[in-house]
Structures are given as structure tokens and as C-alpha cells.
Amino acid sequence: MDLFEYQGKQYFARFGIPVSPGGFADTVDDAIREAEKAGYPVVVKAQVRVGGRGKAGGIKLAADEAEVRTHAEAILGMDIRGHTVGRLWIEHASDIAKEYYASFTLDRSAKLHLAKVSARGGVDIEQVADEDPTAIARLHIDPVDGLSEEGARRLVDEAALDEEARAGAAEILMSLYRCFVEGDADLVEINPLILTPDGRVHALDAKVSLDASAAFRHAEWGDFTGLESLDERERLAQEKGLQYVGLEGDVGVIANGAGLAMSTCDVVNQVGGRPANFLDIGGGASAEVMADALEVINTDPNVRAIFINIFGGITKGEDVANGIVQALGRVELKSPIVIRLDGTNAEEGRSILKGHESDQLVSVTTMLEAAERAVAFTRAGA
Ligand code: GDP
Ligand code: MN
């Protein structure tokens, strides 16, 4: 689970790693409010889970309100390597004397933790590794022993950080290692780790990837998953425990099994339509789950038709049919539904649906035909 920079910095702060004061903003007005709180000059930073934001124009310094407005307007909604910016992080700008690099990862082949420190930060570390591998100091750490203060000092010496930065950087390495281990991360990276002209060392960027298999002992990670997606549909789906991925089209898709859900999206594309989502209700889906799935799809304003594709295996046809009927009573569906029911007890399911069929609820027997009907619905209403 990758965190956004601002979440990573909040995580760092818990372990005593110095970061700049700031706040997040989803609108230009909020950006200005946060800039005033942080104090000018500020830096306006796109929050997307990809690196190289600076090069893409997603990181800008702003000296006053007018500049915050200009940059916030430009960066919100910007596409950075396929990620749309929905949130900004505004922090007090730092003066930079030097940019370094520090990270901890798990070296799976060595079965050890691996520290990397370099005096050449602020640039892509892979590029540094290609150009000059000796510019990166490495240290394997036995997880049983942990990182010693001596090890941390050795790293900053070997990386040849500036003399005045070494004590501060070694201290940050100790905290960062604690963040990595106690924080159950797969990766913690600071690039750049900076030295300020007045001799302080602190984290200017944060990359944190949490180990999802440790989630059971981190109730506080709920805050991160809640913020992980800014998409209202995905938030609701997550709350209901559904396997849902929001897409851009107008045909809402519900299927049982990930493979069938993918094929359903494919077949919608094949007949010239566009799926609004991927939604797998799983093998043992109950009437309750079907109703939840319809509720989530119903909140999507782009949806103009719903295509339910169920192959009865563990999920029996009559359960699916009952779920749909129950959902119809629970939510006022905004779009017509096309159902393709096959497999276990398909006949029983179809006969339950029969009593509810209308121009808004159609049952067909093949996947292709169902996709065609659903896509036709999206066009009829347009
Ligand atoms: P990335 O491009 O996604 O890795 O984003 P970073 O947070 O690492 O920022 C990219 C670059 O912007 C940094 O290497 C700095 O050179 C610059 N930058 C970021 N924050 C500040 C700041 O507070 N002051 C100054 N002067 N430059 C900054
Ligand atoms: Mn960076």
C-alpha cells in the first residue's frame, strides 16, 4: 500500500523525522488558506503516487497568494504519468544547500534489510546507480540486530555527506529505520533529504510503502485507506467490502468472479460500449452483497445501464435473483438493468425475475446479447 507524500510525511513525523509544516488542499481556496498557515514562501506539491512530479511541473514554489492561486489552478486536475491530481500538499518552502538520498528496503534475496544513502539526491536514484554506483553507500542490516548508531554513522561517512550534515543525517537514519521496522513498511525513502544553509537536515519528500500483510496490527492505517482514493464510488465500495475499480464509461458492471468481471468489461468494449467499473461480487455472494453492489453502481452519475453477469456456481441463481429484487426495493435505481444469468439454478433465478421484468429490467441468456442490450440502453437515453 503506497502512501501519498503528505501521508508519508505524517508517518515520518510520528517517528520523529523532521518534515516541513504544511497541510493538504483539494481546492484553490484551501491551498491559499494552507499557505497562510504554513507561512510564505510555500511549495505547492501535486499528490500522486508516482515519482518525478517536479519534472512534470507538479511541484512549484510560490512567494505570495497570487502565485499559490496560479500554481494550484495549474496543478489541480493535471495529469502526471496517468495520475490525475486531486489533492495538493502545501508546505513552508525550505532553503536548500544540499540534496541527499536515504532509503531502507527489504533485500529479499539476501533476507536482510538494505540501507542506501547518497550525497547525490534530488535526482532519480536509478540514474545515479547507472552512472556512478560508488556514489551510493549500502549497508545490509540483519533484522534481528537492527541498525546500530555505528552503522548509521558509517553510512553517512561512506556516502561522503557534507561534514556538517553527518550527525543530523545519522540521527534521521536511526528514526527512519525505526519507521521502516515498527511502521511495518516495505520501503521508506527520502529523496531529497536536505541540508539547509543554516545546517539542519530534514526530509523534503517522502515515499512510504506499507506492508499490507501487517495491516491487522495497525488500526491507524484505516486513515490511509480512507484517503487512498478520492473517488466517492470506490470509497462506498470499500466500506461495503466489494472488489470494485472505478472506470470512465457508462455501463455499470456486476459479475461474480474476477475473471468473469474482466470478460464482462471486455465484451462491453467489444460491442462498442464503455464499462463504468469493474465489480466482482465473489463466489459466495449473497442477496445482501448483490444489493450493496447495485447501491454502489447507483451512486455513479455516469452510469446509464447496468449489466449483471452471473454464472451460478456457489452463488445460486435464485439468490442472485432475490438480491436484485431486494435491491430494487431498497434503492431507487436510476438505470435500466440487463441480466445474464447462467449456471447453477439459472432457471429458478430467471423465473423469479420474470415477475419483475419490465422495460427497465431485462433478462437475456447470452453474454454478448446482454452487452448489446446494455449498450443500446446507454444510447437510447442519450
Ligand atoms: P518528486 O519530483 O516527485 O520527487 O518531488 P520532490 O518532493 O522530491 O520535489 C522535487 C524537487 O523540487 C526537489 O528535489 C527540490 O529540488 C524541489 N523542492 C521541493 N520542495 C522544495 C522546497 O521547499 N524548496 C525548494 N527550494 N525546492 C524544493
Ligand atoms: Mn522526490
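The values are calculated or read from the model by the stated rules, or taken from the named source; none is laboratory data. The shown structure was predicted, so the numbers you read here are calculated from the model rather than taken from an experiment. In this analysis, Cβ positions are derived from the backbone assuming ideal geometry, glycine residues included, and neighbour counts consider all displayed protein chains. To get the accessible areas, we keep the full protein, side chains included, count just its heavy atoms, and leave off ligands, DNA and RNA. Shrake-Rupley method; radii C 1.70, N 1.55, O 1.52, S 1.80 Å.
Points worth noting:
- A single entry from Ala25, Ala66 fulfils the requirement of being among the hydrophobic types (A, V, I, L, M, F, W, C) and either within 16 Å of ligand 1 (Cβ to nearest atom) or under 30 Å from Leu247 (Cβ atoms) (or both): Ala25.
- Condition met for Arg120 (open to solvent by 20 Å² or more (accessible area, probe 1.4 Å), part of a loop (DSSP other than H, G, I, E, B), in the same structural domain as Ser148 (by TED's automatic domain parsing) and within 15 Å of ligand 1 (Cβ to nearest atom)): yes
- In this structure, Asp145 does satisfy being acidic (Asp, Glu), in the same structural domain as Ala170 (by TED's automatic domain parsing) and closer than 23 Å to Gly168 by Cα.
- Complete set of residues in region 43-84 that are in a loop (DSSP other than H, G, I, E, B), more than 16 Å from ligand 2 (Cβ to nearest atom) and over 20 Å from Ile96 (Cα atoms): Leu76, Gly77, Met78, Gly82
- Of all residues in region 279-288 being under 15 Å from Gly317 (Cα atoms) and crowded, with 20+ Cβ neighbours inside 10 Å, the one that is modelled with the highest pLDDT: Ile281
- Evaluation of Pro143 against (1) away from ligand 2 (no atom under 16 Å from the Cβ); (2) surrounded by 14 or more Cβ atoms within 10 Å (Cβ to Cβ) (one fails), failing number: (2)
- Members of region 181-194 found to be open to solvent by less than 10 Å² (accessible area, probe 1.4 Å) and not in a strand (DSSP E or B), listed by number: Gly183
- Taken over region 283-312, the criterion of being touching a Phe, Trp or Tyr at 6+ places or on another chain (Cβ under 8 Å) and part of a loop (DSSP other than H, G, I, E, B) is satisfied by Arg304 alone.
- Among the residues making up region 331-351, those that are crowded, with 20+ Cβ neighbours inside 10 Å and in a strand (DSSP E or B) are Ile337, Val338, Ile339, Arg340, Leu341.
- Criterion (open to solvent by 60 Å² or more (accessible area, probe 1.4 Å) and in contact (Cβ under 8 Å) with a residue 12 or more places away in the chain) met by exactly one of Pro197, Pro275: Pro197
- Residues of region 78-97 that turn out to be open to solvent by 50 Å² or more (accessible area, probe 1.4 Å), over 16 Å from Ala203 (Cα atoms) and either within 12 Å of ligand 1 (Cβ to nearest atom) or modelled with pLDDT of 95 or more (or both), as a count: 2
- Pairing each residue of region 165-178 that is in a helix (DSSP H, G or I) with any residue that is among the hydroxyl-bearing types (Ser, Thr, Tyr), provided the two are 6+ apart or on different chains, yields C-beta distances under 8 Å for Ala165/Tyr100; Ala169/Tyr100.
- Subset tally (residues that are outside any strand (DSSP E or B) and in contact (Cβ under 8 Å) with a residue 24 or more places away in the chain) for region 352-368: 8
- Residue match in region 227-241 (condition: open to solvent by 50 Å² or more (accessible area, probe 1.4 Å) and touching a Pro at 6+ places or on another chain (Cβ under 8 Å)): no
- Residue check for Ser175: open to solvent by less than 10 Å² (accessible area, probe 1.4 Å) and touching a Phe, Trp or Tyr at 6+ places or on another chain (Cβ under 6 Å): no
- Qualifying residue in region 26-47 (condition: closer than 30 Å to Asp211 by Cα and free of Cβ contacts under 8 Å to residues at least 40 places away in the same chain): no
- When we screen Ser118, Ser109, Ser148 for residues that are of a type in the set (Ser, Thr, Tyr) and within 16 Å of ligand 2 (Cβ to nearest atom), the only hit is Ser118.
- Counting only residues that are in contact (Cβ under 8 Å) with a residue 40 or more places away in the chain and either closer than 19 Å to Thr27 by Cβ or hydroxyl-bearing (Ser, Thr, Tyr) (or both), region 72-100 holds 11 of them.
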